[in-house]
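Undergrad: Before I ask anything, here is the structure I am working with.
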Amino acid sequence: MLLFRLMSALLGYVVILVTGKAPERFVNMAASRGIYLWDITRVREGAVLLKVRLGAVKALRHIARRTKCRFHFERRVGFPFLYKRLLRRKALALGVLFFLGALYFLSSFVWFIEVKGTERLAVPEVLGAAAEAGLNRGMPKWRVEPGRVEAALEEKLPLVAWTGVYIKGAKVTIEVAERVVPDAEDNRPSHIIATKAGLVKDVLVLNGHPAVKEGDTVSPGQVLISGEIPPLEEPPKPGEEQKQGEEANKPKKPSRFVHARGIVRARVWYDGYGEAKIVETGRRLTGRSETRVSIKFKGKEIILSGDQNIPYELYETETFVKTIPQWRNLEVPVELVTIKYFEMAEYREELGIEGARGLAGERALAEVAGLVPEEAGIVNRSLEEVQTGHPENIVRVKVTVETIEEIGAESLFKP
């Protein structure tokens with residue numbers, strides 16, 4: 001079907017309106033003589049709209065006389081008609097050819113370079129290495145050597161394990177796969193401190209000295225697992241109690257400093273607040289939108305599509321501006337500006353007390369959801385309406401969420 005439409009557009013076809021007492025006879029006789037008609041539509045009694053290729057129009061005139069019907073052209077579509085119009089407007093034809101030639105010429109250069117796959121490497125670092133290998137914006141595509149650029153990136157960037165350079169249109173994409181380098185073990189002295197207030201539920205010490213126990217209340221910044229391990233005090237053996245006084249006068253063994261590691265889980269509480277009006281008024285989007293596209297050149301604006309006047313009384317806009325990339329020292333002061341207008345309408349919605357309470361609760365929970373970490377386990381959730389003591393148009397709700405989560409974080413220190 002797609003091939004048929006392409007051939008029809010290339011050879012040309014017309015949309016004709018057939019009128020008469022029996023346009024069905026016209027269609028049947030044309031089909032019996034091998035003339036292909038398509039998109040046949042009855043527009044009214046005694047009138048049929050159809051499409052036929054340009055080469056079959058002459059044969060239809062004889063059929064129209066035989067069936068006592070008439071037809072006239074509604075629309076002419078295809079390359080032959082476009083070619084004739086261009087011949088009549090030579091300046092337009094030259095402009096189209098110049099535009100196509102300029103577009104082809106500009107598409108022969110690299111205007112955009114995209115880097116994918118970088119995590120530890122900086123994009124400017126990759127672009128700099130590619131530029132040293134001969135890949136720059138504004139250069140002809142036929143001068144780009146993907147193999148040379150790939151080899152240069154792998155040679156100059158030690159973190160690169162593999163790279164690929166692909167050219168598509170006026171855009172070059174550099175894909176990078178970085179090497180997996182194991183992190184060196186950090187042995188600097190450190191504590192594990194609390195990042196938030198909570199009630200300790202359990203403590204697992206992997207390295208260091210426990211500073212809190214289950215049931216303790218901790219505050220932010222408090223040491224949970226200390227990186228300072230005090231010397232082990234051995235109890236006196238039987239019969240050596242007399243030497244305790246002498247041992248007390250001896251210098252104490254120094255503490256040992258380590259990089260504390262472990263897990264401290266605690267019960268943490270989060271509070272959220274939400275409110276909603278019993279009767280809400282305001283403005284919101286209707287779903288309708290209009291788009292205006294224009295070209296700005298030296299302070300002048302030419303509208304390509306869309307209405308010049310804003311079609312809505314209330315609206316909000318989004319503006320997108322595209323400019324031609326600078327090539328060498330040549331900068332073209334042309335901007336393609338697309339403005340989208342989104343219609344807005346005023347509304348009034350009565351939620352009622354129950355509806356407002358439910359909406360306020362949802363907003364309070366949404367506020368808390370932004371505070372609770374994803375890995376935290378929620379164990380309890382409670383909602384309470386806040387009473388102000390006098391009637392008003394707003395319902396207020398407070399929500400409290402209890403979680404169990406890890407609250408420890410490493411903090412380096414100097415012994």
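The values are calculated or read from the model by the stated rules, or taken from the named source; none is laboratory data. Remember, predicted model here, so these are calculated numbers, not experimental data. Heads up, the Cβs are rebuilt from the backbone with ideal geometry, glycines too, and the neighbour counts pull from every protein chain shown. Just the protein is used for accessible areas: all its heavy atoms, side chains included, with ligands, DNA and RNA removed. Shrake-Rupley method; radii C 1.70, N 1.55, O 1.52, S 1.80 Å.
Undergrad: Just name the residue that is farthest from ASN136 (Cα to Cα) out of those in the stretch 322-339 that are open to solvent by less than 80 Å² (accessible area, probe 1.4 Å) and either at pLDDT below 80 or among the hydrophobic types (A, V, I, L, M, F, W, C) (or both).
TA: Our first condition is that a residue be open to solvent by less than 80 Å² (accessible area, probe 1.4 Å); within the stretch 322-339, this holds for 325, 327, 332-339.
Still in the running and either at pLDDT below 80 or among the hydrophobic types (A, V, I, L, M, F, W, C) (or both): 325, 327, 332-334, 336-337, 339.
On the way: PRO325: 13, TRP327: 10, VAL332: 19, PRO333: 22, VAL334: 22, LEU336: 24, VAL337: 27, ILE339: 32 Å.
Checking each candidate, the answer is ILE339.
Undergrad: Collect the residues in the stretch 228-258 that are part of a loop (DSSP other than H, G, I, E, B), closer than 18 Å to PRO415 by Cα and either open to solvent by 90 Å² or more (accessible area, probe 1.4 Å) or at pLDDT below 90 (or both), keeping them in residue-number order.
TA: Start the filter on the stretch 228-258 by keeping residues that are part of a loop (DSSP other than H, G, I, E, B), which leaves 230-240, 250-255, 258.
Going one step further and asking which of them are closer than 18 Å to PRO415 by Cα, we end up with 230-231, 252-255, 258.
Answer for the stretch 228-258, where residues must be part of a loop (DSSP other than H, G, I, E, B), closer than 18 Å to PRO415 by Cα and either open to solvent by 90 Å² or more (accessible area, probe 1.4 Å) or at pLDDT below 90 (or both): PRO230, PRO231, LYS252, LYS253, PRO254, SER255.
Undergrad: Scan LYS298, LYS322 and give me the residue that is out of contact with any strand residue (DSSP E or B) (no Cβ under 8 Å at 6 or more places or on another chain), in contact (Cβ under 8 Å) with a residue 12 or more places away in the chain and more than 30 Å from VAL399 (Cα to Cα).
TA: Only one candidate qualifies: LYS298.
Undergrad: Which of (1) basic (Lys, Arg); (2) modelled with pLDDT of 90 or more; (3) open to solvent by less than 50 Å² (accessible area, probe 1.4 Å) is the odd one out, the single condition ARG363 does not satisfy?
TA: Only one criterion in (1) basic (Lys, Arg); (2) modelled with pLDDT of 90 or more; (3) open to solvent by less than 50 Å² (accessible area, probe 1.4 Å) is unmet by ARG363, namely (3).
Undergrad: Being surrounded by 11 or more Cβ atoms within 10 Å (Cβ to Cβ) and on the phi > 0 side of the Ramachandran plot: is that true of GLY272 here? Talk me through it step by step, then tell me what you get.
TA: On the way: surrounded by 11 or more Cβ atoms within 10 Å (Cβ to Cβ): yes; on the phi > 0 side of the Ramachandran plot: no.
So GLY272 does not fit the description; no.
Undergrad: Looking at LYS58, LYS116, which is the one that is among the basic types (Lys, Arg), open to solvent by 80 Å² or more (accessible area, probe 1.4 Å) and modelled with pLDDT of 85 or more? Break it down into steps so the answer makes sense when it comes.
TA: Details: LYS58 fails: modelled with pLDDT of 85 or more.
After applying the criteria, what remains is LYS116.
Undergrad: Tell me which residues, restricted to the stretch 379-415, are open to solvent by less than 90 Å² (accessible area, probe 1.4 Å), closer than 30 Å to GLY208 by Cβ, under 36 Å from the mean Cα position of the chain (by Cα) and of a type outside the set (Gly, Ala, Ser).
TA: Scanning the stretch 379-415 gives VAL379, GLU402, THR403, ILE404, GLU405, ILE407.
Undergrad: Restricting the search to the stretch 340-357, which residues are of a type outside the set (A, V, I, L, M, F, W, C) and either touching a helix residue (DSSP H, G or I) at 6+ places or on another chain (Cβ under 7 Å) or open to solvent by 40 Å² or more (accessible area, probe 1.4 Å) (or both)?
TA: Those that are of a type outside the set (A, V, I, L, M, F, W, C) and either touching a helix residue (DSSP H, G or I) at 6+ places or on another chain (Cβ under 7 Å) or open to solvent by 40 Å² or more (accessible area, probe 1.4 Å) (or both): LYS340, GLU346, TYR347, ARG348, GLU349, GLU350, GLU354, ARG357.
Undergrad: Could you pull out every one of the strands (runs of 3 or more DSSP E) wholly within the stretch 162-210 that has 3 or more residues that are exposed (fewer than 14 other Cβ atoms within 10 Å of the Cβ)?
TA: 198-207
Undergrad: Out of ARG89, ARG75, ARG66, report the one residue that is open to solvent by 40 Å² or more (accessible area, probe 1.4 Å), closer than 30 Å to LEU6 by Cα and in contact (Cβ under 8 Å) with a residue 12 or more places away in the chain. Break it down stepwise before answering.
TA: Details: ARG89 fails: in contact (Cβ under 8 Å) with a residue 12 or more places away in the chain; ARG66 fails: closer than 30 Å to LEU6 by Cα.
On inspection, the qualifying residue turns out to be ARG75.
Undergrad: Can you name the residue in the stretch 152-161 that is in contact (Cβ under 8 Å) with a residue 12 or more places away in the chain, over 14 Å from VAL115 (Cα atoms) and not in a loop (DSSP other than H, G, I, E, B) and is also least open to solvent (accessible area, probe 1.4 Å) among such residues?
TA: Result: ALA152.
Undergrad: Taking the stretch 280-310 as the search range and keeping residues that are of a type in the set (Ser, Thr, Tyr) and either more than 27 Å from GLU349 (Cβ to Cβ) or not in a strand (DSSP E or B) (or both), which one is nearest to the chain's Cα centre (by Cα)?
TA: Taking the stretch 280-310 and keeping what is of a type in the set (Ser, Thr, Tyr), we get 281, 286, 289, 291, 294, 305.
Okay, now just the ones that are also either more than 27 Å from GLU349 (Cβ to Cβ) or not in a strand (DSSP E or B) (or both), so 291, 294, 305.
Values: THR291: 21, SER294: 26, SER305: 27 Å.
The selected residue is THR291.
Undergrad: Those residues that are under 30 Å from LYS171 (Cα atoms) and open to solvent by 60 Å² or more (accessible area, probe 1.4 Å), I need them from the stretch 304-316; list them, please.
TA: Within the stretch 304-316, LEU304 is the sole residue that qualifies.
Undergrad: Additional query: Go through the stretch 17-48 and report how many residues are under 46 Å from the mean Cα position of the chain (by Cα) and either open to solvent by less than 20 Å² (accessible area, probe 1.4 Å) or at negative phi (or both). So that I can check it myself, show each step before the final result.
TA: Let us first name the residues in the stretch 17-48 that are under 46 Å from the mean Cα position of the chain (by Cα), namely 38-41.
Filter again for either open to solvent by less than 20 Å² (accessible area, probe 1.4 Å) or at negative phi (or both), leaving 38, 40-41.
Adding up the residues that qualify gives 3.
Undergrad: Here's something else I'd like to know. Restrict the check to the stretch 275-297 and report whether at least one residue is at positive phi and open to solvent by 80 Å² or more (accessible area, probe 1.4 Å). Break it down into steps so the answer makes sense when it comes.
TA: Narrowing the stretch 275-297 to residues at positive phi: 282, 287.
Still in the list and also open to solvent by 80 Å² or more (accessible area, probe 1.4 Å): none.
The answer is no, given that none of the residues of the stretch 275-297 is at positive phi and open to solvent by 80 Å² or more (accessible area, probe 1.4 Å).
Undergrad: Could you tell me which numbered condition GLY370 fails, if it satisfies all but one of (1) within 30 Å of GLU275 (Cβ to Cβ); (2) crowded, with 16+ Cβ neighbours inside 10 Å; (3) not aliphatic (A, V, I, L, M)?
TA: (2)
Undergrad: Follow-up question, since we're still on this one. Can you pull out the helices (runs of 4 or more DSSP H) entirely within the stretch 57-138 that have at least 1 residues that are in contact with a helix residue (DSSP H, G or I) (Cβ under 7 Å, 6 or more places away or on another chain) and closer than 30 Å to GLU175 by Cβ? Walk me through it before giving the result.
TA: Numbers: elements: 57-67, 79-88, 90-106, 123-132.
So the answer is 123-132.
Undergrad: Counting only residues that are out of contact with any helix residue (DSSP H, G or I) (no Cβ under 8 Å at 6 or more places or on another chain), surrounded by fewer than 16 Cβ atoms within 10 Å (Cβ to Cβ) and not charged (D, E, K, R), how many does the stretch 1-16 have?
TA: Residues meeting the conditions: 7.
Undergrad: Select from the stretch 277-301 the residues that are among the polar types (S, T, N, Q) and touching a Lys or Arg at 6+ places or on another chain (Cβ under 8 Å) and list them in ascending order. Break it down into steps so the answer makes sense when it comes.
TA: Keep residues of the stretch 277-301 that are among the polar types (S, T, N, Q), which gives 281, 286, 289, 291, 294.
Listed by number, the residues that qualify are THR281, SER289, THR291.
Undergrad: Among the listed residues VAL176, VAL172, which satisfies the condition of being touching a residue at least 60 places away in the same chain (Cβ under 8 Å), within 31 Å of the chain's Cα centre (by Cα) and closer than 21 Å to PHE109 by Cβ?
TA: Values: VAL176 fails: closer than 21 Å to PHE109 by Cβ.
None of the others qualify; the one that does is VAL172.
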